[in-house]
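A quick write-up on the structure given underneath.
The values are calculated or read from the model by the stated rules, or taken from the named source; none is laboratory data. Remember, it's a predicted structure, so these values are computed and weren't measured experimentally. In this analysis, Cβ positions are derived from the backbone assuming ideal geometry, glycine residues included, and neighbour counts consider all displayed protein chains.
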Amino acid sequence: MSSVYLSENISQQYSRLSYQWTILGSYARCLRFQNVLCTAEVCDMLQHSRLEILVFVRIISEHEVNGVCLLLSCHAKTLLSLEFIHCQLYPAVMDKVCTSLCQPGSQNYKIQSISIKSSPISESKSLTTSAGLLNFLSYAKCLQLLSFNDAKMQPSFAKMIIRTLLEFSSGLQTLDMSENNVGSHKNLFFFDICLLYPNNISL
C-alpha cells in the first residue's frame with residue numbers, strides 16, 4: 001500500500017483502512033496522508049508497521065499537527081524520508097515535528113531526506129525561526145537531501161540553516177532553497193553552499 005487518501009465518508013474510510021491494514025500493514029513502507037487522516041485512531045492502527053517514507057498533504061490545524069507528531073513519534077526508528085506538501089509549518093509547528101522525530105532512545109538521526117514543498121516555514125512579518133529544526137540539522141549526519149522549495153523562507157532563516165550545516169560538517173549531498181524570497185542574499189548563500197556542495201545546489 002503506497003498511499004492513503006480521503007474518500008466518501010470518514011468512518012467508512014477508517015473501517016476500510018483498518019481492514020486493509022490487517023492484511024497489508026506489515027508490508028507497507030511508504031504512506032501519503034491527507035490532513036483528515038492524521039488522527040490518533042490511524043496512528044494506533046499503524047503503530048506496529050515499519051514505515052520508512054511519510055508524505056503529508058495540507059496539514060494546517062493544530063489537531064492535524066498533533067496527528068502528524070503522533071505518527072512521527074511512532075515511526076521515528078524506521079523513518080528515512082519525510083515530505084510536506086501544501087502545509088503550514090511555522091516555527092512552532094516545526095519545533096513539534098522535530099521533537100517528534102527525536103524520540104529518546106530512537107537514535108533516529110539516520111533520516112536521509114526531508115522535503116518541504118509549497119509550505120511556509122516562516123511567518124511573513126516575523127524573524128522567529130525554528131530552533132528545533134536547527135538542532136535537528138546539527139545531529140542529522142545521515143541526511144542526504146534537504147529541500148525547502150517555495151517555503152516562504154526569510155533570508156535570515158536560510159542563512160542560519162546554511163551556517164548550521166557548515167558548522168556541524170553535514171553529509172548533505174543536495175540542498176534546495178529555490179522559489180524563496182532570499183533576494184540580494186543569493187550571492188552570500190551561493191558562496192556558503194559551494195563550500196558544502198560544489199556540484200549539487202539550487203537557489
Out of the range 167-178, which residues are at pLDDT 85 or above and either assigned to a helix (DSSP H, G or I) or farther than 18 Å from Tyr90 by Cβ (or both)? Glu167, Leu172, Gln173, Thr174, Leu175, Asp176, Ser178
Scan the range 153-161 and give yes if some residue there is at pLDDT 85 or above, farther than 19 Å from Cys98 by Cα, in a loop (DSSP other than H, G, I, E, B) and under 16 Å from the mean Cα position of the chain (by Cα), otherwise no. no
Taking the range 56-65 and keeping residues farther than 22 Å from Gln154 by Cβ, of a type outside the set (Lys, Arg) and crowded, with 17+ Cβ neighbours inside 10 Å leaves Phe56, Val57, Glu64
